[in-house]
Amino acid sequence: MARIGGIPDTLDEQVVRFSQQPLKQPVMLNSVPKGGTHLLRNIMRMFVPVEQHYKADFVQVPNMHLHLDAFNPHAPMISAAHLLFSDQSYANVRTARHILMVRDPYDWVLARARFFVSEEFQQDNIAHLKSGVFSADALINMMIFGIHQKSPGLIDIFTHNAASWLGTGVHLLRYEDLLGAIQSIDSPQADILFADLFKACGIERPDDWRERAVIGGDRRYSRTARENLKPANAITFPAELSPMQKALVDYNAPGLRALLGYV
């Protein structure tokens, strides 16, 4: 598994400023890797007592057996995960309220490429991606199609970490919708999104929810936000994919963006 670094987590100092109601049921905040999990996790931490934050690790299939306490219905916790769908995964998390965060595959490809060549991401068998040998376009294509025997491509990740969970009782949340709600917290759209999110988490929405959500959504507290990543070389990625790269995403994963609500 990869090793992830980044800025220290200091959000608990903000959480304890507010009164909290204990969770009554485990909550799992799940997403595709680089799908916005830190944003969602930090926002929802603002509504849960610190002692109910599961901090040991992001739950994934290789380490899931070490983190079953995250889903104990007799000691509810809020946890974050990059958990793919499987028989064992479903059995282990069946007692938890399951929020599934997805991100537009067009934007996800860029976010993943930036992260892979940052100092915060360490994975021995693909460390050479930071060497400066590879162009931005080549790296983007690797994010779309994967790197043979080293890193999965877009279709594999979105199939197993997102699409296969749909229809099993998860609450689907799009990263872009959550980010937009934080940026326009007083809008009717934000009110509706958060009302649905709190209901899905089994959390009663407090009167000061807007203040808490904005604090949790502050990118200064996110160790994987773009501005908190240190690039390992001078590669500059575009603001959006080229028409060819968008076509490659659609070729690699036809129907995916429509399935997730992006078309």
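Excluding residues fewer than 8 places away in the same chain, name every one of the lysines whose C-alpha is closer than 25 Å to that of residue 130. By straight Cα distance, residue 130 reaches 34, 150, 230, 246. Each residue in 34, 24, 246 was given a count of other beta-carbon atoms within 10 angstrom of its own, and listing them fewest first yields 24, 246, 34. Rounded, prolate or oblate for the chain? Axes are the square roots of the Cα gyration tensor eigenvalues, ordered a ≥ b ≥ c, and the cut-off for rounded is a/c under 1.5. Note, shape of the chain comes out prolate. Cα centroids of region 1-77 and region 103-125: 21 Å apart. Across region 99-255, C-alpha contacts under 8 Å between residues 6 or more apart give a mean separation that, scaled by the residue count, equals a relative contact order of 40 percent.
None of the figures in this text is laboratory data; all of them are computed from the coordinates on show. It should be emphasised that the depicted structure is a prediction, and the values quoted were computed from it without experimental measurement. Cβ sites come from the backbone with ideal geometry, for glycine too, and all protein chains shown count toward neighbours.
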